[in-house]
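The values are calculated or read from the model by the stated rules, or taken from the named source; none is laboratory data. Since we're looking at a predicted model, the values are computed, not measured. With ideal geometry, Cβ positions are generated from the backbone for all residues, glycine too; neighbour counts draw on all protein chains shown.
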Amino acid sequence: MKELFEKVKEEYGVEIADENDMSGAWKLVEMLKEKGWVVYIITARGREQVDAWHPSYGSLYAQFGEIPHFESVVEGICLTALHVRELEKNGTL
């Protein structure tokens, strides 16, 4: 998880202390929102799910039949934000 948080800091300049740092992760949600993304978070016993939707792209995961389950919501937000960054870097968005 430490490597994930280091990558987030490198790409977004946001520090995530640990897998319980929702305030740090929420900064990523706000950044995605500013870029036009809608972030969906579903949490239930045994289910931590994050997806994002953009009008120019569609759903990050669901449109491809994927329903990723994460160890924590914080992990899901971080991985989703990094996925968005990759789309930006390769010119998809």
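For (1) surrounded by 18 or more Cβ atoms within 10 Å (Cβ to Cβ); (2) in contact with a helix residue (DSSP H, G or I) (Cβ under 7 Å, 6 or more places away or on another chain); (3) at pLDDT 90 or above; (4) of a type in the set (A, V, I, L, M), each residue gets a yes or a no:
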| residue | (1), (2), (3), (4) |
| --- | --- |
| Ile41 | no, yes, yes, yes |
| Gly46 | no, no, no, no |
| Val50 | yes, yes, yes, yes |
| Ser59 | no, no, yes, no |
| Gly65 | no, no, no, no |
| Phe70 | yes, yes, yes, no |
| Ala81 | yes, yes, yes, yes |
| Val84 | yes, yes, yes, yes |
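Considering only residues that are without any contact (Cβ under 8 Å) to a residue 40 or more places away in the chain and outside any strand (DSSP E or B), look in the range 27-38 and name the one that is surrounded by the fewest Cβ atoms within 10 Å (Cβ to Cβ).
The extreme case among them is Glu34.
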